Amino acid sequence: MDSYTVLFGVIGDPIRHSKSPVMMNRAFEALGINGSYGAFHVVPEKLGEAIKGIRALGFRGLNVTLPHKVNVMAHLDEIHPGALAAGAVNTIVNEQGRLIGYNTDGIGYVRSLKEEAASNLADSKIVVLGAGGAARGIVWALAQEHPAEIIVANRTEEKARELVATLSAEANLTPIAWSQLQTACQDADVVINTTSIGMAPNVDAVPLDVSWLKPGAVASDLIYNPLKTKFLQQSDERGLVVHGGLGMFIYQGAYAFEYWTGQRAPVEVMVQAVLESFETSFSQ
Ligand code: ATR
């Protein structure tokens, strides 16, 4: 670092688990960019002050993680339509003092799905499990790919209906009850778990019976701890195409990196940095 170093960071509460600093700093290094990315523990009461600090110190960019993704919007100057539709911001770009909010989670997820498992989503039938914050951004981004239908299943059916109602202009969306999942999965091309079912420490839980999925279907899970959930292990054993959550994390970061720097993100280097960091934290 020197007096020209351009500053970036991530704010959240908690934040010490974040792999973003390792991933982003390695990406800056790989492209020879004089940038530095830190992790900042910001409690909810200090969110407004933190954003003022970003303005005052002239940070070029910031990632925003839980629990600030919704509340941060009130402190920004402009919100990108994709972030408005998702109802959350995870990336801020500082354009000469104007703070612009984006959401790269949903589009990061879709880029990773397309690169790693399903190159063409047009005319496909997609089932999304869950209707929380993560599902909303993902459904919006999936809708931009012109699928034939997106079915949203949620334990609390009312939340699936609400999500579908707010995004219905974007695509052919159908809310269903959890009990209708088996029928919905039978002819689905892609089934995506956005719930926390199967996340550490509950690694033996699965969101559904994978025998419901048709041969050749893609089973996708947003969870990246563990890297391969029980849902994906069972899908793999059945010969389905599996897609894990690490890609979403990498590509949400790749988009953020690209918005900030205008350069293509060194995705391979970023994957490597995160995997190495997992190995270190698992062995500690
Ligand atoms: P996120 O922002 O990660 O999506 P969230 O907004 O809390 O987190 O949403 C969590 C999602 O996981 C919800 O769809 C939740 O279902 P409910 O709306 O019925 O609560 C779903 N979920 C969590 N645990 C679940 C479980 N054991 N069975 C079914 N769905 C579950």
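We did not get these values from a lab; they are worked out from the coordinates using the rules stated. What you are looking at is a predicted structure, and each value in this text was computed from that prediction instead of being measured. Here the Cβ positions follow ideal geometry from the backbone for every residue, glycine too, while neighbour counts run over all protein chains shown.
Numerical summary
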read-out: The chain: most fluctuating residue of Arg60, Arg136, Arg16 per GNM, C-alpha cutoff 10 Å; value: Arg16
read-out: Ranked Met270, Met248, criterion: other C-beta atoms within 10 Å, fewest first; value: Met270, Met248
read-out: Principal-axis tilt of helix 246-261 within the chain, Cα atoms, nearest 10 degrees; value: 40
read-out: Exceeding the 30 Å Cα-Cα cut-off - candidates Lys52/Lys114; Lys69/Lys228; Lys19/Lys46; value: Lys52/Lys114
read-out: Cβ-based exposure ranking for His80, His68, His146, His17, in which fewest neighbours within 10 Å come first; value: His17, His146, His80, His68
read-out: Selected from Pro201, Pro226, Pro266 as most flexible by GNM, with the chain as the system and alpha-carbon contacts under 10 Å; value: Pro201
read-out: Theoretical ellipticity at 222 nm over the chain - DSSP helices of four or more residues, -39500 (n - 2.57) apiece, nearest 500; value: -11500 deg cm²/dmol
read-out: Highest-fluctuation residue, Ala219, Ala143, Ala56 considered, GNM on the chain with Cα pairs under 10 Å; value: Ala56
